[in-house]
Amino acid sequence: MSDSLTRAAFLQKTSLASAALLLSSIELFAKEEEKIIRVAIIGCGSVSNRYIVHLQSSPLVKIVSLCDIKQDRAEAQNKKYNIGASTYNHIDALLKGNAFDLMLTLTDMQMHGALNKIALGAGKNVWSEKPLANTYAEGKALVDYAKLKGVRIWGAPAVVTSPQFEFMSKTIQAGKLGKLASAHGQYGHTGPTWSSFFYEPLGGSMPDLGVYNMATLTGLLGPAKSVMAMTSIVNKEREIDEKGIVQVKEEDNAHILLEHDNGVISHIMCGFNYFDPFGHEAKNQTLHSIQIFGDKGNMRLIGYDWEPKNVVLDNSWTEPPQVHQTDDGGYQWQEGATRIAGALSKNIEPRINVLHSLHVLEIIEAARKSSKEGMKVKLVSSFPFPMV
Ligand SMILES: NC(=O)c1ccc[n+]([C@@H]2O[C@H](COP(=O)([O-])OP(=O)(O)OC[C@H]3O[C@@H](n4cnc5c(N)ncnc54)[C@H](O)[C@@H]3O)[C@@H](O)[C@H]2O)c1
């Protein structure tokens with residue numbers, strides 16, 4: 001039903017008073033259409049603290065279940081945030097328990113693909129922390145499986161929903177930078193200490209950190225056609241809280257070159273050995289982390305793409321660079337799942353696109369292959385572009 005058609009037709013025939021009555025009933029109808037989305041969270045570690053608070057800020061979300069193989073963590077979060085959910089220690093129990101609409105996968109990265117598959121198989125929609133699977137083939141199979149099951153899957157990060165991303169995309173699309181040539185993104189800190197999976201096979205700094213820049217730069221410049229990369233392990237050992245020394249088995253340092261259409265080349269560097277006093281808690285960063293160059297202008301994103309502050313646009317020979325988009329519009333990096341719940345509730349298509357997440361996953365895998373074999377790797381995946 002279209003509000004505007006109904007209003008127009010009605011206003012022609014009735015008094016303003018009864019129109020007001022009808023309008024309020026239409027609004028009620030619209031609100032009734034917004035279904036409450038029942039959310040189950042699997043993985044109740046560090047990042048769940050950020051997700052839970054954000055989800056609780058939405059009237060469209062009800063967290064009904066919490067699951068962790070360490071069930072005491074699920075119970076502790078239930079209590080800490082006064083959620084009133086049921087708690088479980090295994091995905092099978094979670095699926096047999098309270099009914100829900102959307103599962104949030106917030107576990108160790110290596111578990112995402114398997115858990116997402118089980119949830120899709122049970123007819124659940126999924127929001128997955130990055131990466132949504134460990135390989136491109138596994139991720140593509142998940143997307144196909146979701147279609148077969150009549151449900152949806154989406155993956156973090158949510159960088160494309162920030163107003164700064166939107167500003168940069170529109171500026172590029174309006175031709176204000178002229179012909180694009182080059183871009184750079186960087187993100188690093190000195191590495192997580194709370195869990196060892198970051199350093200185990202299929203962990204690494206690319207799926208944990210580089211993934212943000214990959215999503216931003218492909219989102220702004222378009223899908224990449226090929227990848228060349230060098231990755232390394234700088235620190236062979238790490239000390240992990242409550243675990244002690246572990247061996248580092250996946251890259252903690254990576255440089256990735258992406259070839260986009262029309263000769264555009266971008267570069268990303270990410271790692272777990274980058275001294276940056278604002279690295280993980282990024283609020284006060286005043287330097288840029290993303291830059292884009294064209295032949296008529298350049299742009300710098302101040303802050304991080306996941307925690308942006310503003311955008312500096314320099315496209316005049318005579319005027320100083322201008323600061324744009326200082327308003328964050330309420331954007332928070334942990335908002336992805338809340339946005340997806342909202343989209344499910346209102347039956348609208350979100351900007352976050354799983355084909356984009358899959359493309360980023362293919363880039364990560366290709367970068368590892370390129371580094372190992374010393375060669376350029378062609379990509380097969382793509383996504384609808386421009387995103388804004
Ligand atoms: N911590 C952050 O600030 C942050 C920020 C953005 C994204 N992420 C992403 O979030 C994910 C989780 O990271 P984290 O830092 O919260 O890790 P974490 O180690 O703090 O939490 C992971 C939790 O998952 C649980 N778990 C593991 N396997 C499970 C299984 N099979 N079933 C149920 N529970 C299981 C663990 O017991 C643990 O409690 C990762 O993909 C990470 O890249 C983390």
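The values are calculated or read from the model by the stated rules, or taken from the named source; none is laboratory data. What you see is a predicted model; the values in this text were computed from it and never measured. No Cβ is skipped: glycine too gets one built from the backbone with ideal geometry, and neighbour counts run over all protein chains shown.
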| request: Search the stretch 39-58 for residues that are closer than 16 Å to Ser86 by Cβ and pair each with any residue that is more than 8 Å from the ligand (Cβ to nearest atom) and of a type in the set (Phe, Trp, Tyr) when their beta-carbon atoms are under 8 Å apart and the residues are at least 6 apart or on different chains. | output: Val39/Phe100; Ala40/Phe100; Ile41/Tyr51; Ile52/Tyr81
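Conditions tested, residue by residue: (1) modelled with pLDDT under 95; (2) of a type in the set (Val, Ile, Thr); (3) in contact with a Pro (Cβ under 9 Å, 6 or more places away or on another chain).
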site	(1), (2), (3)
Gly191	no, no, no
Thr216	no, yes, yes
Leu221	no, no, no
Asp241	no, no, no
Ile245	no, yes, no
Gly263	no, no, no
| Conditions: (1) part of a helix (DSSP H, G or I); (2) on the phi > 0 side of the Ramachandran plot. Ala93 meets all but one. Number of the miss? | (2)
| query | Here are Ala99, Ala76, Ala19: which of them is of a type in the set (A, V, I, L, M), modelled with pLDDT under 95 and surrounded by fewer than 20 Cβ atoms within 10 Å (Cβ to Cβ)? | reply | Ala19
| Out of (1) more than 16 Å from the ligand (Cβ to nearest atom); (2) surrounded by fewer than 19 Cβ atoms within 10 Å (Cβ to Cβ), what's the single condition that is false for Lys283? | (1)
| task | State the number of residues belonging to the stretch 349-388 that are among the charged types (D, E, K, R) and within 24 Å of Lys147 (Cα to Cα). | result | 4
| Inside the stretch 209-242, can you point out the residues that are closer than 24 Å to Gly155 by Cα, surrounded by fewer than 24 Cβ atoms within 10 Å (Cβ to Cβ) and of a type in the set (Gly, Ala, Ser)? | Gly222, Ser226
| Filtering the stretch 104-129 down to residues that are part of a strand (DSSP E or B) and within 11 Å of the ligand (Cβ to nearest atom), which residue is nearest to Pro207 (Cα to Cα)? | Ser128
